[in-house]
Amino acid sequence: MSAQEQISVTSRTSEQARGQDVARLKWRHFKGRILSALGWFSILFGLGMLVVLIFDVINRATGIFSGGTNWLTWDFFNNFDSRFANRAGAKAAIVGTLYTISLTILFSFPLGVAAAIYLEEYARDNWFSRIVEINISNLAAVPSIIYGLLGLQVFARWLFLGRSILTGALTLALLVMPIIIVASRESIRAVPSSLRQASYALGATRWQTVWNVVLPQSIGGILTGSILAVSRAIGETAPLITIGALTFVPFLPRNILDIFTVLPIQIFNWTSRPQDDFRSLAAAGILVLLAILLTINALAIYLRNRYQKRY
Amino acid sequence: MAVTELRRQPSLLRAAFERFIQVLLVFAAAISILTTAGIVFSLVFETIAFFSEVSIVEFLTETEWTPLFSIKKYGIWPLVTATVLTSAIAMMVAVPLGLIAAIFLSEFASDNIRRTVKPLLEILAGIPTVVYGYFALTTITPFLKNFIPTLSIFNSLSAGLVMGVMLIPFVASLSEDALSAVPNSLREAAYGLGSTRFEVAVRVITPAAISGIVASIVLAFSRAIGETMIVAIAAGQNPRLTFDPTVPVMTMTSYIVQVSLGDTPYGSLSYYTLYAVGFTLFIFTFILNIFSYWMVRKFREVYD
C-alpha cells in the first residue's frame, strides 16, 4: 500500500476533504501573495510620497506645471532676504551654508578618520576603547537639537564664540563625527590583514602601514561615508537654530566669527511666514537644497564605484 | 660606537614620531567622550539652575506650560503629551509599513528588486527634516482638511504622518538587517517541513529576528521624539494638555526652537527652561536608546 493510499484510507476518505486540503494550501500560498502586495504597497507609498513632494516643490518654485510665477531666478541667488517676497533671495543663506559646511568638514573629517584609525588599528581591548565604542553608538542616537544645546553652552557661552559660523561648524562637526567614525571604521576593517602584515614584513612602522597601505586601500569607503555625513550636516536646521543662527541676515559674513544663516534656516523662516509668496520662495530654497544634496550623493555613489575593491 | 649612534638616531626620531601620532589619534577618539561629557554637563548644570528657581514638584505636577507669559507656569506635561502624541502617530505609519517592507525585501523580493528599492527608500531618509516640515504644512494639511474640516492649520496629525513617512526607511532598513541576519538553515528547515513562504517569513524568520525588529522600532520612536523641524513647522506652538490630533500643540523640541528664535539672555529663567526641557528630552531618548541596546543584547538568538 502506498503512503498516499494509506492516508486516504486512514483519514481522508472523501473527495470533498481533498478539495478542502487543496483550498487550504491555496490559501496558505495566497497569504504570501497578500504580504507581497502589502510589501509593494508600503514601498510605493513611501516612494509615492517622495514623488508628490518633489513634484509639489518643483511646481511651487518654478510654476512649471501650473503656469505660476518662476521664483527660481537669478535674483533668488543674488538677493538678500527681504520683507518683500519679490525682492527676497537666498544669497546670505547659500554663502552661509558654504562657509559653515567647509569648516564642518575641516573639523570633522580629520578627527573622525583619526578616531576610526585609533579604534581599528591602535586600540587594545581596554576600558578606554570600550567606553569610546559604546559612547559613539550612543552619540549617534542623540537628537540633533541636543547638540545645539551643547553648542550654545560650550562654544557660544563658555568659549565666547557667540552665534558665529565657528560655533555652528563646531556643533555640526560633533554631530556628524559619529557617522564619519562608523563609516571609516567599516572601511578600514575591510582592508585584509595580509596587506598590513606584508607592510610590517618590509619593516614599516605602524603609522607607515596605516598611511601607506591601510588608508589608500580604504579611502573610497571613508570618503563615501564622510560625504553622506556632510550631506546630513547640510540639511541640519535645529541645532543651528538652537545655537542662535539668525533667520534674517541681509549681508554676507565677513569672517568665521560673524553671525550667519544657512539655507535650511532660510527655508524654515520663509515657510513660517504666512504669505503664500514666501512659501513659494521656500520651495525654491528647497529645490536648491535638494539639488545640492543630490549632487553630493551622486558624487558619493561615483566614489563608491570607483574605489570599490574586492579581495 | 658612532656608527650605531647614527643608526639609532633616525629610528629614535621615528619612534618619537610614532608616539606623537598615537597621542593625536587617542586625542581624536577622546573627543567623542568629551562630547558626551559636554552634553551631560551643560544639560545638568543649567537644569540645576532651573530647579533652584522652579520647584521640581511644579515641573512634574503642573498641567500648564506658560514660561513666556506674564503668569508663568512650568508644568512639563503639555510638552510631553504633545511629543508622545506626534511620535505615536508617526509610529502608526512607520511601524506597519516599515516592517512589512522589511519582511518583503528580506524574504520575498529578488536580489534585483532589493538592490533597486533599498537605495530609493534611503533617499526618503536623506531628505532634510525642514523639507518634510514644509511638505506637512503646505501639502498634507490642506489635503487632510478635505476629510477633516475642523483640522487646524497647525496640528499633530499631519506632522505625525509625515514624520512616519520619514521613518519608514529607518524601520525598514534596520528590521531588514535583523531579518536577513537570520541564518538560511532556519529557512531551509521550515521549507523542508512544508511551510509556505508566508509561514517561513511570519512564523519562523520574524520571531527569530524579533529582538532586532523591536530594537529598530524603539530607535525609530526615539528618533521621532527628538525630531524637531517637522513638528516645529507643522504641529504648532501652543502648549496644551490634549491628545486631540487636530489642534495645534507644542512638543519639547518645538519649545526649544521657539525660545531659540527669540532673543534669550544668558542666565534668564527662560534660558534655563531650554535646558530643563532639553534634559527631559535627553532622558527620554537615552532610556529608549539604552532599552534598544539591551533588547538586542538580551534577546538576541545566537546561531552558529
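For the protein assembly as shown, give the magnitude of the charge dipole about the Cα centre (Cβ charges: +1 Lys/Arg, -1 Asp/Glu; no others), in debye to the nearest 20. Write out the running numbers ahead of the final one.
On the way: 45 positive and 34 negative charges, 234 e Å.
I would put it at about 1120 debye.
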With the crude spin-label approximation of a point 7 Å out along Cα→Cβ, what separation in nm comes out for A:ALA37 versus A:ALA291?
4.2 nm
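Give the relative contact order (percent, whole number) for chain B; include only Cα pairs under 8 Å separated by 6+ residues.
Details: 407 pairs, mean separation 76.1, N = 304.
Relative contact order, chain B: 25 percent.
Any chance you could run the full-extension gain for B:ARG297 through B:SER185? It's 0.36 nm times the residue separation minus the Cα-Cα distance, nm to one decimal.
Residue separation times 0.36 nm, minus the Cα-Cα distance, leaves 38.1 nm.
If each residue of separation counts as 0.36 nm, what is the full-extension length gain between A:PHE80 and A:ALA201 once their alpha-carbon separation is subtracted? Display every interim value, and only then the final one.
Details: separation 121, 0.36 × 121 = 43.56 nm, distance 6.04 nm.
Here the answer is 37.5 nm.
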Rounded to whole Å, give me the distance from the Cα center of the range A:57-117 to that of the range A:206-271.
13 Å
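Taking loop as defined by DSSP and a crowding limit of 14 other beta carbons within 10 Å, which chymotrypsin sites (Phe, Trp or Tyr not before Pro) in the range B:27-136 fit? Write out the running numbers ahead of the final one.
Values: sites: B:PHE27, B:PHE41, B:PHE45, B:PHE50, B:PHE51, B:PHE59, B:TRP65, B:PHE69, B:TYR74, B:PHE104, B:PHE108, B:TYR132, B:TYR134, B:PHE135; in loops: B:PHE69.
In loop regions of the range B:27-136 (DSSP not H, G, I, E or B), the sparsely surrounded chymotrypsin sites (Phe, Trp or Tyr not before Pro) are B:PHE69.
What Kirkwood Rh does the range B:77-299 have if only Cα atoms enter the pairwise 1/r average? Answer in Å. Please report the intermediate quantities before stating the final value.
Details: mean 1/r = 0.0532 Å⁻¹.
Mean inverse Cα-Cα distance, inverted, gives 18.8 Å.
Given 0.36 nm per residue, what is the gain on full extension from B:THR116 to B:TRP77 after removing their alpha carbon distance, in nm?
Stretched out fully, the B:THR116 to B:TRP77 stretch lengthens by 9.6 nm.
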Where does each of B:286-292, B:94-100 land if you order them by average Cβ count within 10 Å, highest first?
B:94-100, B:286-292
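Taking a ≥ b ≥ c as the square roots of the Cα gyration tensor eigenvalues, with a/c under 1.5 meaning rounded and otherwise prolate when a/b beats b/c, else oblate, which class fits the range A:30-109?
Details: a/c = 5.33, a/b = 1.63, b/c = 3.26.
Cα axes put the range A:30-109 in the oblate bin.
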Starting from the exponent 0.38 and prefactor 2.2 Å, build the expected Rg for the range B:108-194 from its residue count and divide its actual Cα Rg by it.
1.56
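Across peptide B:130-143, how many C-beta atoms of other chains are within 10 Å of each residue C-beta, on average?
Across B:130-143, the average partner-chain Cβ count within 10 Å equals 6.
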I'd like the chymotrypsin sites (Phe, Trp or Tyr not before Pro) in the range B:190-256 restricted to DSSP loop residues with at most 14 other Cβ atoms within 10 Å, sorted by number.
B:PHE243
Determine, for A:THR73, B:THR138, the number of other Cβ atoms within 10 Å of each Cβ, and report the residues in order from fewest to most.
A:THR73, B:THR138
Length-normalised contact order of chain A, Cα under 8 Å, at least 6 apart, in percent, tallies to 23 percent
What list of ³J(HN,Hα) couplings, whole Hz, do you get for the range B:106-122 from phi and the Karplus terms 6.51, -1.76, 1.60, once you set θ to phi - 60° and write x for glycine and proline?
7, 10, 10, 6, 6, 4, 4, 4, 4, 5, 7, 6, 4, x, 5, 5, 5
Amide H neighbours of A:VAL249 at under 5 Å, excluding residues fewer than 5 places away on the same chain, with H built from the backbone geometry, are A:ASP81
Ranked list, fewest to most other Cβ atoms within 10 Å of each Cβ, for B:MET92, B:MET252:
B:MET92, B:MET252
Per residue of A:172-182, what is the mean number of Cβ atoms on other protein chains within 10 angstrom of that residue's Cβ?
2
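Within chain A, which whole H helices from DSSP have a Cα span along their axis of at least 20 Å and a mean Kyte-Doolittle hydropathy of 0.0 or more, if any? Let's see the in-between values first.
Details: long enough: A:15-62 (68 Å, 0.44); A:91-117 (39 Å, 1.66); A:165-189 (34 Å, 1.59); A:215-235 (30 Å, 1.09); A:276-307 (46 Å, 1.07).
Those that pass (Cα extent of 20 Å or more, hydropathy at least 0.0) are A:15-62, A:91-117, A:165-189, A:215-235, A:276-307.
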Does chain A classify as rounded, prolate or oblate by the C-alpha gyration tensor (a ≥ b ≥ c root eigenvalues; a/c under 1.5 gives rounded; else a/b over b/c gives prolate, otherwise oblate)?
oblate
Springs between alpha-carbon atoms under 10 Å, Gaussian network over chain A: tell me which of A:LEU263, A:LEU103, A:LEU240 tops the mean-square fluctuations.
A:LEU103
Using only the C-alpha atoms of the protein assembly as shown, find the volume of their convex hull and express it per residue in Å³.
228 Å³
For the range A:121-187 and the range B:139-177, what is the separation of their Cα centres, given in Å?
30 Å
Selection from B:ASN146, B:PRO119, B:SER158, by position along the positive dipole direction of chain B (Cβ):
B:PRO119
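Hand me the chymotrypsin sites (Phe, Trp or Tyr not before Pro) from the range A:143-179 located in a DSSP loop with no more than 13 other Cβ atoms within 10 Å, in residue order please. Kindly include the intermediate steps, with their values, before the conclusion.
Details: sites: A:TYR147, A:PHE155, A:TRP158, A:PHE160; in loops: A:PHE160.
Of the chymotrypsin sites (Phe, Trp or Tyr not before Pro), the ones in loops of the range A:143-179 whose Cβ has at most 13 other Cβ atoms within 10 Å are A:PHE160.
Return B:MET163, A:MET49 ranked ascending by Cβ neighbour count within 10 Å, so the fewest neighbours appear first.
Details: B:MET163 29, A:MET49 22.
In order of increasing Cβ crowding within 10 Å: A:MET49, B:MET163.
Each value in this text was obtained by applying a stated rule to the coordinates, not by laboratory testing. This one's a predicted model, so the numbers in the text were calculated from it and none came from an experiment. Using ideal geometry, Cβ is built from the backbone for each residue, glycine included, and neighbour counts are taken over all protein chains shown.
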